[in-house]
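Asker: One structure, as structure tokens, below. Some questions next.
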Amino acid sequence: MAAGRSTGTGRRGRAIFWVSFGILALALIGGIVTVRLTARAFIDPSASMENTIRPGDHLFAAASSQIRRGDVIVAQVPSLGPGYFIKRVIGLPGDHVACCDARGRITVNSKALDETYLYPGDAPSTIRFDVTVPAGKLWLLGDHRIISYDSRVRGPLAVRIVGRVVLVLHSGHHILLQTPSAFVSAGLEPSDDRVPALIIGFDVSFLSFLLILALSIVGVIRFAIRKRRKPRDPAASAAVGSLRAPPGYDG
């Protein structure tokens, strides 16, 4: 009876193991598919967005129609050719952007920006401007201002937005891009509570992978323990017993 209960428990354990493994495998696949369907990957060869994005960094841009001031976008600019253009949105259509106030800061709708994301040593702008952004255009600047070719030279730009950069992979670690504090503290944008499907897909994939790895390790350990505890073949045991000397035999 005990052996039967043990067998039944073992079967239930194996069933739970494989069902759990299957669910986690589906979650892993689903997370990967979500990432692939909701984002595009890019590699930035330019230094114009340093230090936010450095040459060779891998970027993931999520398709989005909710572009805010402060977002970093991947766009195509018809007037500049077929390539991709990675810049930060400073002004939206209708915004009044100007440089500079008494402290040398760029202003948007008369609100000054403390741009902590700028490349160390760069001034917000060495070029003066005072522009109201027309409908259908954006005011785009690079974070490495001294080398960036952007709206300060080209003026407001009509672009085709490919996506909003939400994740940057740099030197083995990742950076999640959200609305900079400069725009939040100035009252130009709310605190960023956007959670792109890309990030959810990444999180689900990573967690599923870790759980599959842990489950696999547990499965291997349980298999090894069962192998060690497995009783010997009864026929082999009987054969060994038959070779034993009878009681009282002294050779």
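Asker: Can you tell me which residue is farthest from Leu138 (Cα to Cα) among those in the stretch 63-72 that are surrounded by fewer than 21 Cβ atoms within 10 Å (Cβ to Cβ) and not basic (Lys, Arg)?
Answerer: Going residue by residue through the stretch 63-72, those that are surrounded by fewer than 21 Cβ atoms within 10 Å (Cβ to Cβ) are 63-68.
From the residues that got through so far, the ones that are not basic (Lys, Arg) too are 63-67.
Details: Ala63: 17, Ser64: 15, Ser65: 14, Gln66: 14, Ile67: 10 Å.
Among residues in the stretch 63-72 that are surrounded by fewer than 21 Cβ atoms within 10 Å (Cβ to Cβ) and not basic (Lys, Arg), the one farthest from Leu138 (Cα to Cα) is Ala63.
Asker: Return yes when Ile86 is crowded, with 17+ Cβ neighbours inside 10 Å, in contact with an Asp or Glu (Cβ under 7 Å, 6 or more places away or on another chain) and not polar (S, T, N, Q) and no when it is not.
Answerer: So Ile86 passes the test.
Asker: Within the stretch 91-122, how many residues are among the acidic types (Asp, Glu), within 23 Å of Thr52 (Cα to Cα) and touching a Ser or Thr at 6+ places or on another chain (Cβ under 8 Å)?
Answerer: Looking only at that region, the number is 1.
Asker: Moving on to the next point. Regarding Ile212, is this residue closer than 28 Å to Val19 by Cβ, in contact with a Ser or Thr (Cβ under 8 Å, 6 or more places away or on another chain), at pLDDT 75 or above and surrounded by 10 or more Cβ atoms within 10 Å (Cβ to Cβ)?
Answerer: Working: closer than 28 Å to Val19 by Cβ: yes; in contact with a Ser or Thr (Cβ under 8 Å, 6 or more places away or on another chain): no; at pLDDT 75 or above: yes; surrounded by 10 or more Cβ atoms within 10 Å (Cβ to Cβ): yes.
Criteria not met by Ile212.
Okay, residues lined up against (1) more than 16 Å from the chain's Cα centre (by Cα); (2) more than 24 Å from Arg194 (Cα to Cα):
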| position | (1), (2) |
| --- | --- |
| Pro45 | yes, yes |
| Met49 | yes, no |
| Thr52 | no, no |
| Phe60 | no, no |
| Ala63 | no, no |
| Ile73 | no, no |
| Gln76 | yes, no |
| Gly81 | yes, yes |
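Asker: Just one of (1) surrounded by 10 or more Cβ atoms within 10 Å (Cβ to Cβ); (2) modelled with pLDDT of 85 or more; (3) farther than 24 Å from Phe17 by Cβ trips up Ala197, so point out which.
Answerer: (2)
Asker: Shifting gears a bit: Every residue in the stretch 99-108 that is closer than 16 Å to Pro180 by Cβ and out of contact with any Asp or Glu (no Cβ under 6 Å at 6 or more places or on another chain), please.
Answerer: Taking the stretch 99-108 as the starting set, the residues that turn out to be closer than 16 Å to Pro180 by Cβ are 105-108.
Arg105, Ile106 - these are the residues of the stretch 99-108 that are closer than 16 Å to Pro180 by Cβ and out of contact with any Asp or Glu (no Cβ under 6 Å at 6 or more places or on another chain).
The values are calculated or read from the model by the stated rules, or taken from the named source; none is laboratory data. Everything numeric in this text was worked out from a predicted model, so none of it was measured. Cβ sites come from the backbone with ideal geometry, for glycine too, and all protein chains shown count toward neighbours.
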